[in-house]
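**Q** Structure below; questions to follow.
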Amino acid sequence: MACSILVVYHSQGGNTRKMAEAVVAGAREVEGVHVVLRDAFRATLADLIECDGLALGSPEYFGYMAGMVKDFFDRTYEPARREKRVFKKPYAVFISAGNDGRGALAAIERICIGYPFKKVYEAVIARGELTEKILAECRELGQTLAAGCDAGIY
Ligand SMILES: Cc1cc2nc3c(=O)[nH]c(=O)nc-3n(C[C@H](O)[C@H](O)[C@H](O)COP(=O)(O)O)c2cc1C
């Protein structure tokens, strides 16, 4: 069966959305990979269980992840652990921040240890205006995650 990549994100102002779209574009460069893009508000436990790897995107709000991303974790954490079907699922993070991003990243990574997911790529953090360089890094994140999952190397 084709490898499936889930990209979950929240965005109020559009920056994290643009990063998510770049991650999706990168993942789609890997032939045969199925990519699902979900607003965190709509993402479900089934989305999480069905994917082979996931990319999580959040803006930093008040030194933390966006509430909607936290809500996704809150809704899926216990049932995912009970189902035991997310064990060490490969993941990567992308963050959009005004000038920092470390608080959001640390909070997400701490929770991902709990599921547990397996970090397979260094997080991309955008600070301030999105640049072509950051979007290229997001594409590379998506492509690497998808290629690794497809090849079964994680
Ligand atoms: C309510 C709110 C809180 C924010 N808090 C932080 C923060 O703590 N640190 C930071 O670097 N940027 C902060 N920012 C800036 C956002 O992280 C930044 O504008 C980001 O690109 C927004 O992403 P979005 O366009 O996907 O919503 C905050 C923005 C908002 C609206």
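The values are calculated or read from the model by the stated rules, or taken from the named source; none is laboratory data. Bear in mind that the values here come from a model prediction, so they are computed numbers and not experimental data. So basically every Cβ, Gly included, is an ideal-geometry build from the backbone, and we count neighbours across all protein chains shown.
**Q** I need a count of the residues in segment 61-78 that are in contact with a helix residue (DSSP H, G or I) (Cβ under 6 Å, 6 or more places away or on another chain) and surrounded by fewer than 24 Cβ atoms within 10 Å (Cβ to Cβ).
**A** Number of matching residues: 4.
**Q** crowded, with 16+ Cβ neighbours inside 10 Å and in contact (Cβ under 8 Å) with a residue 60 or more places away in the chain: which single residue out of G57, G101, G53, G32 fits that description?
**A** G53
**Q** Ok, one more. Going by what's in this entry, would L145 be described as aliphatic (A, V, I, L, M), farther than 25 Å from G13 by Cα, away from the ligand (no atom under 11 Å from the Cβ) and touching a Gly at 6+ places or on another chain (Cβ under 8 Å)?
**A** So L145 fits the description; yes.
**Q** Going through A80, A46, A20 one at a time, which residue ends up being at pLDDT below 95, aliphatic (A, V, I, L, M), assigned to a helix (DSSP H, G or I) and on the phi < 0 side of the Ramachandran plot?
**A** Only one candidate passes the filter, namely A80.
**Q** Right, something else. Could you list, in sequence order, the residues of segment 60-78 that are of a type in the set (V, I, T) and free of Cβ contacts under 8 Å to residues at least 60 places away in the same chain?
**A** Passing the criteria: only T76.
**Q** Return the total of residues in segment 49-77 being more than 19 Å from T144 (Cα to Cα), of a type outside the set (A, V, I, L, M) and part of a loop (DSSP other than H, G, I, E, B).
**A** Qualifying residue count for the region: 2.
**Q** Just checking, does segment 104-112 include any residue being over 26 Å from A147 (Cβ atoms), in contact with an Asp or Glu (Cβ under 9 Å, 6 or more places away or on another chain) and surrounded by fewer than 17 Cβ atoms within 10 Å (Cβ to Cβ)?
**A** Among the residues of segment 104-112, not one is over 26 Å from A147 (Cβ atoms), in contact with an Asp or Glu (Cβ under 9 Å, 6 or more places away or on another chain) and surrounded by fewer than 17 Cβ atoms within 10 Å (Cβ to Cβ), which makes the answer no.
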